[in-house]
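Written out below as structure tokens is the structure these notes cover.
No value in this document is a laboratory result; all are computed from the given coordinates. Computed from a predicted structure; not experimentally measured. No Cβ is skipped: glycine too gets one built from the backbone with ideal geometry, and neighbour counts run over all protein chains shown.
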Amino acid sequence: MSVDGAGTEHTDGGADESGWDVDPDDESGLAVLAAVGRQIKAWRESAGMRACEFGTAIGYGEDQVYKVEGGRRIPRPEYLDRADKVLGASGKLSAMKEDVAEVRYPKKIRDLARMEAKAVELEAYHNHNINGLLQTEEHMRALFASWLPAYTLDETDRVVAARLNRQSIFEREPLPSISFVQEEVTLRRPVGGTMVWRRQLEHLLEVERLRNVAIQVMPTQCEEHPGTGGLIEVLKFPDGTAVGRSEGAFSGRPVSDPKQLRILELRYGMIRAQALTPRKSLAFIEHLLGET
């Protein structure tokens with residue numbers, strides 16, 4: 001599941017926003033974009049077109065063209081397709097969409113997506129928000145709209161696209177074993193208003209019915225709760241290794257040491273044991289949906 005989130009483009013300066021800024025600390029991403037930019041520039045100059053002429057021809061501003069060619073801006077897929085057509089590149093520039101596709105997401109999210117793509121088992125407890133892998137696009141956008149400092153529309157498009165792309169984990173083969181525990185409050189919070197909230201609950205019911213996915217609800221009334229330290233996530237890989245993190249342990253940094261992982265798994269195991277069973281959780285979500 002992936003979405004570009006592209007908005008309407010114009011041939012004036014507003015088109016300069018139709019792309020994503022490059023993370024200056026993302027060395028591998030910068031190298032890819034520099035190479036893509038050089039190729040586009042070489043094709044443009046070979047065609048005898050000035051940057052302003054080229055920009056007008058593909059529906060972008062001149063400043064955007066210079067930024068892309070200089071490796072300072074991540075071009076959207078349609079930018080490469082239009083450039084390919086205008087410059088007569090016979091598919092060579094369009095083919096670069098594969099190189100750019102991964103780089104367009106922030107490095108931290110790319111690293112997480114790579115690990116999720118290899119994992120055979122995922123365990124995740126969230127207490128503030130619904131896990132990103134379970135969110136609808138509407139829910140994501142409403143959630144990011146409330147963050148401070150405010151995200152620009154461009155930043156929102158980028159993080160939403162990255163989060164939706166991670167949801168391909170549900171379509172993988174072989175299927176990984178996935179376990180979620182959500183705090184009751186995350187399901188009761190009407191993020192985005194009633195209709196967005198309802199569609200989010202309906203989506204949870206759809207995902208929960210996947211045979212490799214279990215969603216459990218931690219009741220607010222639970223008196224003894226080992227998850228008050230914050231979210232817990234553990235990913236396990238085919239070779240027996242694993243990586244995990246928790247807001248309430250090891251300064252929130254990812255850990256792979258077996259002793260540290262045992263602590264996270266102990267906490268997650270107890271949280272899961274105290275939560276409603278998957279069957280009762282399904283019934284709880286259905287009941288909550290009926291109340292909205």
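Key figures
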{"read-out": "Computed over the range 13-103, the ratio Rg/Rh where both radii use C-alpha atoms and Rh is Kirkwood", "value": "0.93"}
{"read-out": "Tail beyond 18 Å, pair distance distribution of the range 101-202 (Cα, percent)", "value": "53"}
{"read-out": "Approximate spin-label separation E98-A31, in nm, with each point projected 7 Å along Cα-to-Cβ", "value": "1.9"}
{"read-out": "Too-long pairs where the Cα-Cα distance tops 29 Å, listed order kept, from K118/K259; K85/K118; K67/K92; K259/K280; K67/K236", "value": "K85/K118; K259/K280; K67/K236"}
{"read-out": "Most mobile of Q221, Q167, Q274 in a GNM of the chain (Cα contacts under 10 Å)", "value": "Q221"}
{"read-out": "Charged-residue dipole, Cβ positions (Lys, Arg, Asp, Glu), the chain about Cα centre, Debye nearest 20", "value": "560"}
{"read-out": "Whole-number percent relative contact order across the range 13-103, with pairs defined as alpha carbons under 8 Å at least 6 apart", "value": "35"}
{"read-out": "Cα-based helix-to-principal-axis angle, 278-291 vs the chain, degrees rounded to 10", "value": "70"}
{"read-out": "Relative packing of peptides 32-39, 54-61, 251-258, 262-269 - highest average C-beta neighbours within 10 Å first", "value": "54-61, 32-39, 262-269, 251-258"}
{"read-out": "Fluctuation leader among E116, E137, E78 - the chain, Gaussian network, Cα springs under 10 angstrom", "value": "E78"}
{"read-out": "Cut-off 11 Å, label 7 Å out along Cα→Cβ of K85, residues of the range 36-60 by amide N", "value": "58-59"}
{"read-out": "Estimated FRET transfer efficiency (R114, V185; beta-carbon r; R0 45 Å; 0.05)", "value": "0.90"}
{"read-out": "Options A89, Q64, P77, ranked by Cα towards positive dipole end of the range 13-103, top entry (Cβ charges)", "value": "A89"}
{"read-out": "Within the chain, percent of DSSP bridges classed antiparallel, to nearest 5", "value": "55"}
{"read-out": "Taking the convex hull of Cα positions in the chain, its mean projected area over all directions (nm²)", "value": "17.0"}
{"read-out": "Ranked list, fewest to most other Cβ atoms within 10 Å of each Cβ, for W43, W197", "value": "W43, W197"}
{"read-out": "Expected 222 nm ellipticity per residue - DSSP helices of 4 or more, -39500 (n - 2.57), all of the chain, to 500", "value": "-15000 deg cm²/dmol"}
